[in-house]
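One structure is given here, and the rest of the page talks about it.
The values are calculated or read from the model by the stated rules, or taken from the named source; none is laboratory data. Note that the coordinates shown come from a computational prediction; the quantities given were computed from them, not determined experimentally. Methodologically, a virtual Cβ is constructed for each residue, glycine included, from the backbone with ideal geometry; neighbour enumeration extends over all protein chains shown. Ligands, DNA and RNA are stripped out before the accessible areas are found, and what is left, the full protein with its side chains, is counted by its heavy atoms. Shrake-Rupley method; radii C 1.70, N 1.55, O 1.52, S 1.80 Å.
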Amino acid sequence: MPSTFLHSLLAAASFSSVALAASAYGVIQARSTPGSKHVIANLFQWNWDSVANECAWLGKNGYGFVQVSPANEHIQGSQWWTDYQVVSYKIQSKRGSEAQFKNMVNACQTAGVGVIVDIIWNHMAGIDSGTGVAGSSFTHYNYPNIYTQDDFHYCGQPGNDIQNWSDTFQLQNCELANLADLKTESSKVRTTLINHTNKLIDLGVAGFRVDASKHVAVADQKAIMSKLKKQGLYYTHEVVYEGGGGVTSYDYTSIGDVQEFRYVTLMRDAFNNGNIAQLQGLKDKGWLASNKANVFVANHDRERGGYLSYKSPSNRYALAHAFSLSYPYGTPTVFSGYSFNNNDDGAPTGNYGTCNSNSGANGWQCQHRWTSIAGMVAFYNKVGTAALANWTQGNNNQIAYGRGNVGYVIINNGDAAWAKTFTTGLADGKYCDVYSGKKSGTTCTGKTVTVKSGKLTGYSVPGHTAVAIHTGAKL
Ligand code: LM2
Ligand code: CA
């Protein structure tokens, strides 16, 4: 489970490498999202005005953080991925201006929600030349008043592109998809990135999702992070690692949380292949330590890559979140996007995100508001650090477990109903199932579940659904 910020620092200090980093660079990261509400809502592509609007709902419904798409100037185009081709460090993008960004951060802060912004330290644009959305012109290795050709890596491979993904040098010094690779070891590039990052810190962000982190050497990132005007911010590093050579996710734990991509793959395989019972041993797999891992069922790349998404059949996206927000491993992010047919499709409604009360609207999916997912965020907050307890399973596609005497969840990923007597560890009484609804006054908007002698006797859970109860939603 995520630890508190203070606890995190104490824990971090026991690792010699971090202690060393601390003496050389000062405190450089918060371990796990700080505060009492750890869950991150990733509002992919939502523009600043719409996030400002949504933060009130996020704060009221238990989210502690919102992760937003990049803020910097990028190339023009309707595709979502134009955002990852940096043109300048003006805070002006298809999501809005610097003033709108500032207004969003303030609105979110007022709602008790910290803004985590996607930041790109690895590269600039990939196209040969153009003009960015804020009017800045550039060519592949020349960004007037920012960078010249001496500020980029030329790794000596064909097209300067990464050829061997097991080669550490190539991973960090060649180009990822032709994106001009910054010479992050140089003081000029570092100073430029420090100034850009400090600007976002001045605007009040709570942390960063570091794009393509695997492609920037840890030493370079430490040098940047240690010079920032605010230390102890939250960092989640995108280091895609599923085994294999070159760079591992473990290499990056001294500079923040690291995204555990093996988790994303396991979610897909467990829920798609009808074997969620294998999830019992997840925390013992030797993956990133729980308090160093950021986990999610999907992110923007994975939902376009055939992993779980809003398109998955049989409620699998919601069921996987029932697991992700109840099983004590990692700091969870809930990915929330929009409908797409083609992988390149940009966001609808001019990037202004909209939702109905518990569902999407105008092409936006609003997964963060789905009754089941919002219910599980409340479950997550209520169970806190309570231990995993009373694990049971039916067939390989049916699991149930508790969190101390605070919460209990049943997940049935199969077609048939699962009926049995479940030992919950909860006090007797009537509870609202937060997967199907919530507590409203003295009634439940969804199912009501009665615990007697600590058990749900002869209780039946239909196929493709879950039931989740906790002491925060007891009648
Ligand atoms: C990331 N993590 O490391 C992002 O999560 C991922 O979405 C980004 O790729 C990638 N790094 C670079 O920041 C996306 C998208 C790519 C797209 C790039 C740059 O998945 O397809 O590449 O952004 O916009 C596109 C074209 C590609 C072309 C490249 C350069 O798809 O064919 O390469 O632009 O022009 C020649
Ligand atoms: Ca690089």
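Take region 442-454 and flag every residue that is more than 32 Å from the chain's Cα centre (by Cα) and either of a type in the set (A, V, I, L, M, F, W, C) or open to solvent by 60 Å² or more (accessible area, probe 1.4 Å) (or both).
Of everything in region 442-454, those that are more than 32 Å from the chain's Cα centre (by Cα) and either of a type in the set (A, V, I, L, M, F, W, C) or open to solvent by 60 Å² or more (accessible area, probe 1.4 Å) (or both) turn out to be Thr442, Thr443, Thr450, Val451, Lys452, Ser453.
May I ask you to verify whether Asp150 is buried (at least 16 other Cβ atoms within 10 Å of the Cβ) and of a type in the set (D, E, K, R)?
For Asp150, the condition - buried (at least 16 other Cβ atoms within 10 Å of the Cβ) and of a type in the set (D, E, K, R) - is not met.
Here are some conditions: (1) more than 13 Å from ligand 1 (Cβ to nearest atom); (2) of a type in the set (A, V, I, L, M); (3) more than 23 Å from the chain's Cα centre (by Cα). Ala111 meets all but one. Which one does it not meet?
(3)
Looking at Val117, Val86, Val66, Val105, which one is modelled with pLDDT of 95 or more, closer than 24 Å to Asn145 by Cβ and touching a Leu at 6+ places or on another chain (Cβ under 7 Å)?
After applying the criteria, what remains is Val117.
Can you tell me which residue is farthest from ligand 2 (Cβ to nearest atom) among those in region 191-219 that are surrounded by 19 or more Cβ atoms within 10 Å (Cβ to Cβ) and charged (D, E, K, R)?
Among those that are surrounded by 19 or more Cβ atoms within 10 Å (Cβ to Cβ) and charged (D, E, K, R), it is Arg209.
Name the residue, out of Lys222, Lys183, Lys188, Lys229, that is open to solvent by 10 Å² or more (accessible area, probe 1.4 Å), within 12 Å of ligand 2 (Cβ to nearest atom) and over 25 Å from Tyr63 (Cα atoms).
Lys183
In region 238-247, is there at least one residue being free of Cβ contacts under 8 Å to residues at least 24 places away in the same chain, under 25 Å from His38 (Cβ atoms), surrounded by fewer than 23 Cβ atoms within 10 Å (Cβ to Cβ) and of a type in the set (Gly, Ala, Ser)?
no
Going by the conditions given, is Ile469 closer than 26 Å to Ser359 by Cα, touching a strand residue (DSSP E or B) at 6+ places or on another chain (Cβ under 9 Å) and either of a type in the set (A, V, I, L, M) or not in a loop (DSSP other than H, G, I, E, B) (or both)?
Yes.
Which numbered condition trips up Thr385, out of (1) over 19 Å from the mean Cα position of the chain (by Cα); (2) farther than 26 Å from Gly59 by Cβ?
Thr385 satisfies every listed condition except (2).
Here is a yes/no grid of residues against (1) under 21 Å from Ser460 (Cα atoms); (2) in contact (Cβ under 8 Å) with a residue 40 or more places away in the chain:
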{"site": "Tyr317", "(1), (2)": "no, yes"}
{"site": "Phe340", "(1), (2)": "no, no"}
{"site": "Ser359", "(1), (2)": "no, no"}
{"site": "Asn381", "(1), (2)": "no, yes"}
{"site": "Thr385", "(1), (2)": "no, yes"}
{"site": "Ala389", "(1), (2)": "yes, no"}
{"site": "Gly404", "(1), (2)": "no, no"}
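Mind checking whether some residue in region 158-169 is touching a strand residue (DSSP E or B) at 6+ places or on another chain (Cβ under 7 Å), open to solvent by 30 Å² or more (accessible area, probe 1.4 Å) and under 24 Å from Ile194 (Cβ atoms)?
The answer is no; no qualifying residue exists.
Show me the strands (runs of 3 or more DSSP E) found entirely inside region 348-428 where at least 2 residues are of a type in the set (A, V, I, L, M, F, W, C) and open to solvent by less than 30 Å² (accessible area, probe 1.4 Å).
So the answer is 398-403, 407-412, 418-423.
Do we find that Phe296 is in the same structural domain as Asn47 (by TED's automatic domain parsing) and surrounded by 24 or more Cβ atoms within 10 Å (Cβ to Cβ) in this structure?
No, not satisfied.
Based on this model, can you work out whether Ile127 counts as within 16 Å of ligand 1 (Cβ to nearest atom) and buried (at least 22 other Cβ atoms within 10 Å of the Cβ)?
No.
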